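Heads up, the thing below is written out as structure tokens.
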Amino acid sequence: MILKNIENFILVAVTVMLLSACGTTSMTKAGGGVSEVYEVHHEGRIHVFYDRKLYTDFLKLGETPYRLTRIGAGPNNETLVFGLTKKDKKKRSGIPVVDLFDGKAKPAEDFYAEMVKHGRIYIFDNFDDMKTVRDFGHPNYQYSMIGAGPNGETLVFVLNKQNKKKRPTGLIKKYEQHHS
């Protein structure tokens, strides 16, 4: 009888683990890490999204239906507003982009991010570079395409010491794929 109960417990535990693994969303990869982040800096707030549809809806409407707000948590005391999916609206932990900001999750190897700030669109393939721009307001190294954004914005492809002397063709291609 005890052996049967142990077998049932193990079966239930394995099923729960498998089902939770199936819940991986588009912003995380099976190998681990957050793969996409979108930020909009506006009126003293930093709006952060991990779902592209939420981000594009926010750009059109200026609001998101579900959010997690942290007043004064930004690098210059801005309010951080994490746009949440309907699935994540009741969670207080286990939200991938929040975990990334809190240092509890890592970016994926093929990380991609966009930041709308100062009338420009900054494009990243490195989360540390994104933190630098968020904290200091501008990148150390960049490749700019003036007027190339969807509404005539300047596109700023953020570079770092390792790739500063190369045209970021891979990152440009990723941007074009996200906007085609």
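Laboratory data are not the source of any read-out in this text; all were calculated from the coordinates shown. Remember, it's a predicted structure, so these values are computed and weren't measured experimentally. Every residue, glycine among them, receives a Cβ derived from its backbone with ideal geometry; neighbour counts consider all protein chains shown.
General remarks:
- Per-residue Cβ neighbour rank within 10 angstrom, fewest leading, Phe101, Phe124: Phe101, Phe124
- Residue among Val98, Val40, Gly147 farthest towards the positive dipole end of the stretch 36-178, charges placed on Cβ: Val98
- Residues of type aspartates and glutamates that Lys104 reaches as a straight line, Cα spacing below 15 Å, ignoring anything fewer than 8 places off in the same chain: Asp128
- Residues whose amide H comes within less than 5 Å of that of Ala108, counting only those at least five positions distant or on another chain, are Val34, Ser35 (H built at 1.01 Å from N in the peptide plane).
- Cross-link reach list, lysines versus Lys60, counting only Cα pairs under 27 Å and skipping chain neighbours closer than eight places: Lys86, Lys87, Lys89, Lys90, Lys91, Lys117, Lys131, Lys173, Lys174
- Karplus-derived 3J(HN,Hα) values for the stretch 159-168, using 6.51 cos²θ - 1.76 cosθ + 1.60 with θ = phi - 60°, are 10, 9, 4, 6, 10, 5, 9, 10, 5, x Hz; glycine and proline are entered as x.
- Distant-in-sequence amide contacts of His42, defined by a placed amide H-H separation under 5 Å and a gap of 5 or more residues or a different chain, comprise His47.
- Sites Phe136 and Lys87, calculated FRET efficiency, Cβ-Cβ separation with R0 30 Å, nearest 0.05: 0.30
- One Cα centroid belongs to the stretch 104-124, the other to the stretch 165-180; the line between them spans 13 Å.
- Scalar couplings 3J(HN,Hα) for the stretch 46-60, obtained by applying the Karplus form with A = 6.51, B = -1.76, C = 1.60 to θ = phi - 60°, are 10, 8, 10, 10, 10, 10, 4, 5, 4, 4, 5, 4, 4, 4, 7 Hz; x denotes Gly and Pro.
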